[in-house]
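Engineer: Input: one structure, supplied below.
Bear in mind that the values in this text are calculations on the coordinates, not laboratory data. What you see is a predicted model; the values in this text were computed from it and never measured. Virtual Cβ from ideal backbone geometry, glycine too; neighbours counted across all protein chains shown.
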Amino acid sequence: MIACRLLLSAFCSENRGTGVPPVRCQAKATGETPVPPLRHRPIFMVSGCRWRHERLLSNFCLLPTAFCLLPTLEGGGNLTGMSELYDVLVVGAGPTGLACGIEAQRAGLKLLIVEKGCLANSLFHYPPNMTFFTTRELLEIGDLPFVSVNIKPTRAEALEYYRRVAAYYHLPIHYEERVTRVGQENGVFTVGAELRGGQRCQYHSHNVVLATGYYDLPNLMNVPGEDLLKVSHYYQEPHQFFGRRVAVVGGGNSAAIAALDLYRHEAEVTLVVRERELSRHIKYWIRPDLENRIKEGSIRAMFGSIVTEITNDRISVRNSDGETLGVQNDFVFALTGYHPDFDFLRGAGVRTDPITCRPECSTESRETNVPGLYLAGVIIAGMDTNEIFIENGRFHGKQIVDDIRRKRK
Ligand SMILES: Cc1cc2nc3c(=O)[nH]c(=O)nc-3n(C[C@H](O)[C@H](O)[C@H](O)COP(=O)(O)OP(=O)(O)OC[C@H]3O[C@@H](n4cnc5c(N)ncnc54)[C@H](O)[C@@H]3O)c2cc1C
């Protein structure tokens, strides 16, 4: 404890005079300290000041609490029965979940956000060099201006922006806790979460908002060989594929961008598209580039075709005439989209359409058929994930919180 105090006072004095407003400590009910050792902790430059992420301070301030809980955690037992009762518990700290949290906080509601990874976890896992399609002001939440070098921000700029938003609003977020269950007991929601080490904890809340996005679950091709190491549903960087034969499966934006990027880093690219043409959703500034590369033969495109099998050195592709062609291949990017976790939704009692998987959810309040259980962001769209983006999902929080406030009156 003495060592803790010394560390804490050393840390606080280091931050004195930086001009950064004091951060509020958030109780970490689980006692988990997912923050890396001090020497590995990130330092951000903001307007010339040197400061550390809010959570670092939070964890320092909470060390005594964490120590109290450690014996239970080390025993591997369940950490249940936490007595605190929230007004709103948001699952997911993506842009939508953060926007919901801000609205709840502004309304004076007792809030907790539970996130299975890091802040804006999906964006963190997007290709490192990506640029958003959307202009920066359409990605703004909480009325905070998004400043970026160009009109369309990069992933790195977006991550910095959402970090600053979360810090500015002192959003209470528990990281690395995966929500596994949402149930109800006596009119109060019970939310079960699993921590990184496998321990479990439980929260109670009057209302729950699911803002869990779709990025964890790729739409699988369900073909033999899809589980080979050379197959990925997430494109990252091109360098590794220089001089290699790469198949990109899909006809949307992600596939188009990956195919062009790989081609420009001298991979031999084959684009396999199920439809007879590229998706109408491909952005107008990307489409002509890809069409021209296909026309000139720099990228081989197989339209009206599906991959039927993947082996270590080739893929089998069936075209619309029913012919199967073998294509020599080193890597496959199956960029066939993603979908929300419908089983999780149904497990929470939300009814979904048998064909579109669209959840039953009011367009005005975003409340589901389960009273007090709300949906925000792309999860609302069922399989039609091209319908909701950050730019429109960011407004769901206001609708939800307005509804909660109305019911409390
Ligand atoms: C490559 C790419 C580029 C894109 N470009 C744009 C663009 O330019 N403009 C635009 O508006 N949209 C864009 N999108 C879409 C946009 O990123 C998503 O629509 C948006 O992230 C949805 O926000 P969200 O908060 O609903 O979900 P997410 O951002 O996916 O956030 C969901 C969060 O919930 C967490 N979570 C999931 N399950 C659990 C659980 N069980 N327990 C706890 N936490 C959980 C996740 O870790 C994640 O942090 C792009 C998408 C991709 C893939």
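Engineer: Could you work out the Rg to Rh ratio of region 331-399, with Rh taken as the Kirkwood radius (inverse of the mean 1/r over all Cα pairs)? Present the calculation step by step, with values, prior to reporting the outcome.
Structural biologist: On the way: Rg = 12.9 Å, Rh = 12.7 Å.
Radius of gyration over Kirkwood radius for region 331-399 works out to 1.02.
Engineer: For residue 285 and residue 398, compute 0.36 nm times the residue count separating them, minus their Cα-Cα distance, and round to one decimal in nm.
Structural biologist: Answer, rounded to one decimal: 37.4 nm.
Engineer: Run down the aspartates and glutamates and flag those whose C-alpha is under 19 Å from the C-alpha of residue 283, throwing out any fewer than 8 positions away in its chain.
Structural biologist: By straight Cα distance, residue 283 reaches 137, 261, 275, 291, 384, 387, 391.
Engineer: Calculated FRET efficiency, residue 144 and residue 312, Cβ-Cβ r, R0 60 Å, to nearest 0.05?
Structural biologist: Once rounded, the FRET efficiency stands at 0.75.
Engineer: May I ask you to list the lysines whose Cα is less than 22 Å away from that of residue 230, ignoring any residue fewer than eight positions away on the same chain?
Structural biologist: Cα-Cα hits under 22 Å: none found.
Engineer: Does a label point 7 Å from the Cα of residue 369, set along Cα-to-beta-carbon, have any residues of region 336-353 with amide nitrogen under 18 Å, and which are they?
Structural biologist: Correct set: 341-353.
Engineer: Efficiency by 1/(1 + (r/R0)^6): what FRET value for residue 110 and residue 295, r their Cβ-Cβ distance, R0 = 45 Å, to the nearest 0.05?
Structural biologist: 0.15
Engineer: Pop the C-beta distance of residue 325 and residue 220 into the FRET formula with R0 = 25 Å and round what comes out to the nearest 0.05. Spell out each step's value before the answer.
Structural biologist: Working: r = 22 Å, r/R0 = 0.87.
Using R0 = 25 Å, I get an efficiency of 0.70.
Engineer: Same structure again: On average over all directions, what projected area in square nanometres does region 171-232 have, based on the convex hull of its Cα atoms?
Structural biologist: Details: hull surface 27.0 nm².
Approximately 6.8 nm², given one-decimal rounding.
Engineer: Would you mind checking which residues have amide H under 5 Å from residue 90's amide H? H placed 1.01 Å from N; only 5 or more apart, or other chain.
Structural biologist: So residue 90 has HN proximity to 112, 113, 114, 209.
Engineer: Rounded to the nearest 5, what % of the DSSP beta bridges within region 231-334 are antiparallel ones?
Structural biologist: Numbers: 9 of 23 bridges.
Bridges in region 231-334 are about 40 percent antiparallel.
Engineer: By how many nm would the segment from residue 188 to residue 84 grow when fully extended, if each residue of separation counts as 0.36 nm and the alpha-carbon distance is taken off?
Structural biologist: 36.3 nm
Engineer: So, one more: Starting from the Kirkwood Rh over alpha-carbon pairs, what translational D in µm² s⁻¹ does region 231-334 have by Stokes-Einstein at 20 °C and 1.002 mPa s? Walk me through the intermediate numbers first.
Structural biologist: Working: Rh = 13.5 Å.
Taking Rh from Cα pairs, D becomes 159 µm²/s.
Engineer: Oh, and also: Can you list the lysines whose alpha carbon is less than 21 Å from that of residue 110, not counting same-chain residues fewer than 8 positions off?
Structural biologist: Leaving aside lysines fewer than 8 places away in the same chain, those within reach of residue 110 are 28, 398, 407, 409.
Engineer: At 0.36 nm per residue, minus the direct Cα-Cα distance, what do residue 236 and residue 151 gain on full extension? Give it in nm, one decimal, please. All intermediate terms of the calculation are to be shown ahead of the outcome.
Structural biologist: Values: separation 85, 0.36 × 85 = 30.60 nm, distance 2.28 nm.
Full-extension gain reported as 28.3 nm.
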